[in-house]
Amino acid sequence: MYEKFYGLTEKPFSLLPDPEFLVLGKKHSAAYTALEYGLVSQAGFTVVTGEVGSGKTTLIRHLLNQLDEDITVGLVSSSHHDMGELLQWLLFAFNLDYRETQKVGLYDLFTQFLIDQYASNKRTVLIIDEAQNLQPDVLEELRLLSNINADKHQVLQIILVGQPQLRSLLKHRDLLQFQQRVSVDYHLQALNEDETRYYIFQRLKLAGRNKPLFTRNAIKLIYQTSHGIPRIINTLCDTSLVYGFADQKLLLDSALVAKVLKDKHAAVEQSDETPAAQGAHPFNQQPSVASEHQQSAADINDHRITSFNRESAKLLFKKYYNKK
């Protein structure tokens, strides 16, 4: 729709968790390094948390794309509080026959699978997304399954990914032994304003545009509204591109972003029935921005964006981890 007009090869702000559009700034690089470290160190449990829309699922998909063939991965999304029989879910995740109804039989099937993988010099990694929905008894069952070891090797490694409530869940008094088994944990924080600017610029760059498209005040307004959450940033930027294309605007300023917010705010008011529901929506928060004068080309191009390489990420995570 607007791609050709803005010199883009594809949409830069899709809401789909596309690892090709992962922007590894400071925080996401550190989170990814935590995931890598957990795998390399054969951690029994690795925990990564973050707000809804912070980019956790995109990180996981990026990790899956980078894994060697000697790692077998099973992925479970705990979208509901009641997962039923855990072992059946795990067998399903690894594409195994899960129709056995007796728990002993399910356990035998799963342990034999782990043994076969180990005998084939393969490591087994289980990733559970939306892990904040797990019940304490399910987490305890996972801990018991992680006790299946061979010599000094961790036969089953488990990565839990979830919202901040997961951290509170793991502090449950019945999960003391589980807490002690968590070797790596990292909380993915929201972006600050500079990181938001970097994120927007990099997403545009990945889509084929090397010149800034949003003014500084436009980005400031996007940051204040999104609170640095990538999914909300994507929504605002994509809609702003649609509005900008409709108005044939070559540069997207804060006035245009404010119009996007006003229209979204009106749509929320029409769809939500209660004041409480309206207040909870991010687009109902419309911060004020100072009046924006025409910016010079030099000001628009003054983005001072620096790269954050992998070695820096590893040092940052090492510094973070040593504080724990």
#### Entry: Residue list for segment 170-190, filter: in contact (Cβ under 8 Å) with a residue 60 or more places away in the chain and charged (D, E, K, R)
Arg181, Asp185
### Query
If you check every pair at least six apart or on different chains, which have Cβ atoms under 7 Å apart with a residue in segment 98-126 that is assigned to a loop (DSSP other than H, G, I, E, B) first and a residue that is acidic (Asp, Glu) second?
Asn121/Asp70; Lys122/Asp70
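For segment 115-164, give me each residue that is among the β-branched types (Val, Ile, Thr) and modelled with pLDDT of 90 or more.
Looking only at segment 115-164, we keep the residues that are among the β-branched types (Val, Ile, Thr), and these are 115, 124-125, 127-128, 138, 148, 155, 158-159, 161.
Scanning segment 115-164 gives Ile115, Thr124, Val125, Ile127, Ile128, Val138, Val155, Ile158, Ile159, Val161.
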### Query
Within the bounds of segment 141-160, is there any residue that is charged (D, E, K, R), in a helix (DSSP H, G or I) and in the same structural domain as Trp89 (by TED's automatic domain parsing)?
yes
### Message
I'm trying to understand the selection: among the residues of segment 191-217, which are of a type outside the set (Lys, Arg), in a helix (DSSP H, G or I), in contact (Cβ under 8 Å) with a residue 40 or more places away in the chain and buried (at least 18 other Cβ atoms within 10 Å of the Cβ)?
### Response
Glu195, Tyr198, Tyr199, Phe201, Gln202, Leu204, Asn217
### Message
Yes or no: segment 37-54 includes at least one residue that is buried (at least 23 other Cβ atoms within 10 Å of the Cβ), under 16 Å from Thr235 (Cα atoms) and either at pLDDT below 95 or in contact with a strand residue (DSSP E or B) (Cβ under 6 Å, 6 or more places away or on another chain) (or both).
### Response
yes
### Yes/no for Val23 being outside the structural domain of Gln132 (by TED's automatic domain parsing) and touching a helix residue (DSSP H, G or I) at 6+ places or on another chain (Cβ under 6 Å)
yes
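The values are calculated or read from the model by the stated rules, or taken from the named source; none is laboratory data. What you see is a predicted model; the values in this text were computed from it and never measured. Because the Cβ atoms are built from the backbone with ideal geometry, glycine has one as well, and the counts that use them run over all protein chains shown.
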